[in-house]
Amino acid sequence: QRNFKVVVAGAAGGIGQPLALLLKQNPLVTRLALYDIAPVTPGVAADLSHMNTPAKVSGHKGPEELSAAIKDADVVVIPAGVPRKPGMTRDDLFNTNASIVRDIALSIAQNAPKAIVAIITNPVNSTVPIASEVLKKAGVYDPNRVLGVTTLDVVRAATFVGEINGVDPTSVAVPVIGGHSGITIIPILSQCQPALKLSDPAKIKALTERIQEAGTEVVKAKAGGGSATLSMAYAGARLTASVLRGLKGESNVVECAYVKSSLTEATYFASPVVLGKSGVEKVLGYGTLNEFEQQLLKAALPELAKNIKTGEDFAKK
Ligand code: APR
């Protein structure tokens, strides 16, 4: 199969629009459904539909059009969410985004139970367990079909290493494992290919922290105007492209993603995975960590476990 329906849920947003633009350029996408609650959504679809690429674009606005958007999807990418507004606590933000992901997951269970779900909505460490629990309750859960998008961490690591090594960043590969926020992000710089040209432990620590806090660099630079959108869209489109290559039967498609995992005591964990005809075909291990990376993992696991529990508790309410 090489004709796929891809849905962007949250398609009118800062991430959603450029993500839709990039997906419209993917020749494997023959149907692109844009869902959002924003009034501009049909217009975003009309705009993109004028591009002379194969994907037929449809716009779906508001909850009453959610089912039609999701119906028979092969892949649903979810960047729907709210940014933090003045007066809003982190818990308010969590509850809102958690509810959005829950509702979309419920629709996936009803309208496209075999779809691969790629979640961008933060906090990814918790929203992936939420979607998983919702699908489980509906009796259609397959852990190989629910992924948290951590590709931006991999993309950032490659970019920063490329700068340091003085090489084209597209030729750099750095696995990033763990979760998708702060100290749960674990770049395995010792496995960087080609090897990282840094040996000073202080500099390696600083680079690690830059990768972990790269999102904050963007938030600060945007000065109140939001968080990373364009690089996130790029990362989301890259992961979706890899998922589609796997679905169409290509072998050896490997990406890091946050998935159900038994690699560590955290029940969801990002690591390299092989993508195939039914989603995640194999969760690959993360190889040997050096002492510094083992420390990072040790610090990350309790935080990750807490985030997972927060998600599961929400879904059980
Ligand atoms: N259903 C569908 N779309 C929704 C819903 C909903 N219930 N609620 C909000 N949206 C849409 C908004 O209308 C908006 O178009 O989600 C989009 C979010 O876009 P932005 O506010 O621009 O936020 P963005 O920067 O794209 O981030 C979205 O991704 O990285 C994460 O933390 C970020 O969770 C946030 C999400």
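The values are calculated or read from the model by the stated rules, or taken from the named source; none is laboratory data. Model, not experiment: these values are computed from the prediction. Positions of Cβ are backbone-derived with ideal geometry, glycine not excepted, and every protein chain shown enters the neighbour counts. Keep in mind that these areas ignore ligands, DNA and RNA; they rest on the heavy atoms of the full protein, side chains included. Shrake-Rupley method; radii C 1.70, N 1.55, O 1.52, S 1.80 Å.
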Requested in this report: Return the only residue of ILE100, ILE119 being within 16 Å of the ligand (Cβ to nearest atom) and crowded, with 24+ Cβ neighbours inside 10 Å.
Outcome: ILE119
Query raised in the report: What pairs can you find where one residue is in the range 78-105 and farther than 17 Å from THR229 by Cβ, the other is more than 10 Å from the ligand (Cβ to nearest atom) and outside any helix (DSSP H, G or I), and their Cβ atoms are less than 8 Å apart, with a gap of 6+ or different chains?
Result: ILE104/VAL76; ALA105/VAL117
Report summary line: Going through the range 27-43 in order, the residues found to be over 28 Å from LYS248 (Cα atoms) and not small (Gly, Ala, Ser) are ILE37, PRO39, VAL40, THR41, PRO42
**Report entry** Where a residue in the range 220-242 is more than 19 Å from ALA12 (Cβ to Cβ) and its partner, wherever it lies, is of a type in the set (Asp, Glu) and surrounded by 14 or more Cβ atoms within 10 Å (Cβ to Cβ), with Cβ under 6 Å and at least six apart
**Finding:** LEU239/GLU255; SER242/GLU255
Report summary line: Listed by first then second residue, the pairs whose first member lies in the range 286-297 and is over 13 Å from THR208 (Cα atoms) and part of a loop (DSSP other than H, G, I, E, B), whose partner is of a type in the set (Asp, Glu) and at pLDDT 95 or above, with beta carbons under 9 Å and at least 6 positions apart or on separate chains, are TYR286/GLU293
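Restricting attention to the range 8-45, which residues are part of a helix (DSSP H, G or I) and open to solvent by less than 10 Å² (accessible area, probe 1.4 Å)?
Of all residues in the range 8-45, those part of a helix (DSSP H, G or I) come to 16-24, 41-45.
Within the range 8-45, GLY16, LEU19, ALA20, LEU23, LYS24, THR41, ALA45 qualify.
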Query raised in the report: Does at least one position in the range 246-253 carry a residue that is in contact (Cβ under 8 Å) with a residue 24 or more places away in the chain, farther than 16 Å from ILE186 by Cβ and crowded, with 17+ Cβ neighbours inside 10 Å?
Result: yes
Query raised in the report: Any chance the range 162-178 includes a residue that's under 17 Å from PHE269 (Cβ atoms) and open to solvent by 50 Å² or more (accessible area, probe 1.4 Å)?
Result: no
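Might you check whether a residue that is among the basic types (Lys, Arg) and more than 20 Å from the chain's Cα centre (by Cα) occurs anywhere in the range 248-262? Spell out how you get there, then give the answer.
From the range 248-262, those among the basic types (Lys, Arg) are 248, 260; that's our starting set.
Checking the rest, the ones that are also more than 20 Å from the chain's Cα centre (by Cα) come to 248.
Yes; the residues of the range 248-262 include at least one that is among the basic types (Lys, Arg) and more than 20 Å from the chain's Cα centre (by Cα).
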Query raised in the report: Can you name the number of the only condition in (1) farther than 14 Å from ALA118 by Cβ; (2) more than 12 Å from the ligand (Cβ to nearest atom); (3) part of a helix (DSSP H, G or I) that THR240 fails?
Result: (1)
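Matching residues to (1) near the ligand (Cβ under 10 Å from one of its atoms); (2) touching a Lys or Arg at 6+ places or on another chain (Cβ under 9 Å):
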residue: ILE78; (1), (2): yes, no
residue: ALA109; (1), (2): no, yes
residue: VAL128; (1), (2): no, yes
residue: THR151; (1), (2): no, yes
residue: ASP168; (1), (2): no, no
Query - Unique match (being over 19 Å from LYS114 (Cα atoms) and either out of contact with any Ser or Thr (no Cβ under 8 Å at 6 or more places or on another chain) or of a type in the set (Ser, Thr, Tyr) (or both)) among ALA11, ALA20 - result: ALA20
Query raised in the report: Among the candidates LYS5, LYS71, LYS85, which residue alone is charged (D, E, K, R) and crowded, with 19+ Cβ neighbours inside 10 Å?
Result: LYS5
Query - Qualifying residue in the range 46-60 (condition: out of contact with any helix residue (DSSP H, G or I) (no Cβ under 7 Å at 6 or more places or on another chain) and either within 12 Å of the ligand (Cβ to nearest atom) or open to solvent by less than 40 Å² (accessible area, probe 1.4 Å) (or both)) - result: no
Query raised in the report: Does LYS282 count as surrounded by fewer than 14 Cβ atoms within 10 Å (Cβ to Cβ), assigned to a helix (DSSP H, G or I) and more than 14 Å from the chain's Cα centre (by Cα)?
Result: no
Report task. Test each condition in (1) within 26 Å of ALA131 (Cα to Cα); (2) open to solvent by less than 70 Å² (accessible area, probe 1.4 Å); (3) at pLDDT 95 or above for GLU293 and report the one that comes out false. Result -> (1)
Query - Within the range 198-237, tally of residues that are at pLDDT 95 or above and either in contact with a Lys or Arg (Cβ under 8 Å, 6 or more places away or on another chain) or not in a loop (DSSP other than H, G, I, E, B) (or both) - result: 21
Query raised in the report: Does the range 8-36 hold any residues that are within 13 Å of the ligand (Cβ to nearest atom) and farther than 22 Å from ALA228 by Cβ, and which are they?
Result: ALA33
